[in-house]
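Just so you know, all these numbers are worked out from the coordinates, no wet-lab data involved. Keep in mind that what you see is a predicted model, and the values were worked out from it rather than measured. Quick reminder, even Gly has a Cβ in these numbers, built from the backbone with ideal geometry, and neighbours come from all protein chains shown.
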Amino acid sequence: MTVMRTSLPGAIASVLMTVAALAACQPQGNATAPAPSMTQGAHAITGTATYRERILPPPGSTLRVQLLDNLLADTPKAILADVTIPKVGGPPIAFTLPFDPAKLRPNGQYGLHATLAGPDGAPMFVSDTRVPVDPSANVPVEIAMVHVGAGNAATASPLPTNWQCGDLRVGAAFDNVANNVTLTYGGRSRVLPLATSGSGARYADDAGNEFWTKGDSGTLTLDGEKHECTRTNLASPWDDARSRGVAFRAVGNEPGWLVEVGSGDAPPLHAQLDFGSRKLDIASVRARAQGDGWTGKSANGTQVELIVERKACQDDAGTTFDITAQLRAGGKTYDGCGAFLAGKP
């Protein structure tokens, strides 16, 4: 009988190495694995902001991107998400905009707005229209911006600035030649002349209306009501519509709706109804036979009538309009307030 003698420590080491090798090849069973990282773009919008000019932003410039609810554009609640990217370089400028999916509504309509500001905070490039976006699509978006200083400064109209004054979004165009400011709000406009002030810029008329700014903050007294104001990059939807050539615009709530009518004798009409779940587009509408307004039929045969009355109207935010509007579409009636933006006194 032959007896094999083996060193015990060496045998143990050999067994342990074999077990370790086998364990490395086997599944981990119930062992807890590290959680995977969030997929890029999940609950965030990614993309780039760009512009055509060959201008490199100075050191310290920033890019601000905002996600907006288009049907809440008349209220401070319109901004659903906001991010500022510091120390940006030349275009294209990449951004990631996180958002809370709980703030999204079924069939909601959303847009992006971007501003590239210099180290002093003054806008250099802005997106002049809202870029449509589906926040849940997880598809990169490109935002085109335009140069704020574009055009002939000697002949161009004063560049408007935008202000959030309580629930009121106000556009203010300061004219240093005429020494006045033109305020636009809710489809209305008012011109205030420059007035004496100890500090800041103050504009006031004999009726007690006043706009007094100090840097990026100020106060607005309008029709006896005082509002605290801060400067914003977000233009009023009424000013945005005017810049797109819209001649008449009306909005309403319960459920949320809006309608825009172009200019001319046979203008186009666009409507978003029931918080944006329904859309109507008519290439050409005609004036109503009696009273102000328009009537027409969509491509699918929906009869549409927009009735306009020159009667004071107040929306849910307390903003006063000169026009009461009623939209009748497909057997349903929508009531709200409106304003002529161009083409009709």
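What shape does the range 182-225 have by the C-alpha gyration tensor, where a ≥ b ≥ c are the square roots of the eigenvalues, rounded means a/c under 1.5, and otherwise prolate means a/b greater than b/c and oblate the rest? The shape class here is prolate. Summing charges over neighbours of residue 312, with a neighbour being any other residue whose Cβ is under 13 Å away from its Cβ, gives -1 when K and R count +1 and D and E count -1.
In sequence order, the range 262-275 has phi-based couplings of x, 9, x, 6, 10, x, x, 10, 10, 9, 10, 10, 6, 6 Hz under the Karplus curve 6.51 cos²θ - 1.76 cosθ + 1.60, θ = phi - 60°, and Gly or Pro positions carry x.
For residue 141, nonlocal amide neighbours, meaning residues 5 or more places apart or on other chains whose placed amide H falls under 5 Å from its own, are 46, 47, 48. Could you work out the local net charge near residue 299, counting Lys and Arg as +1, Asp and Glu as -1, over the other residues with Cβ closer than 13 Å to its Cβ? My count for the surroundings of residue 299 gives +1.
Across the range 277-285, rounded Karplus estimates of 3J(HN,Hα) from the backbone phi angles (6.51 cos²θ - 1.76 cosθ + 1.60, θ = phi - 60°) give 6, 10, 10, 10, 10, 10, 5, 8, 10 Hz, Gly and Pro being marked x. With 28 Å as the limit on Cα-Cα distance, the pairs of 87/226; 226/332; 103/226; 77/226; 226/311; 103/279 that go past it are 87/226; 226/332; 103/226.
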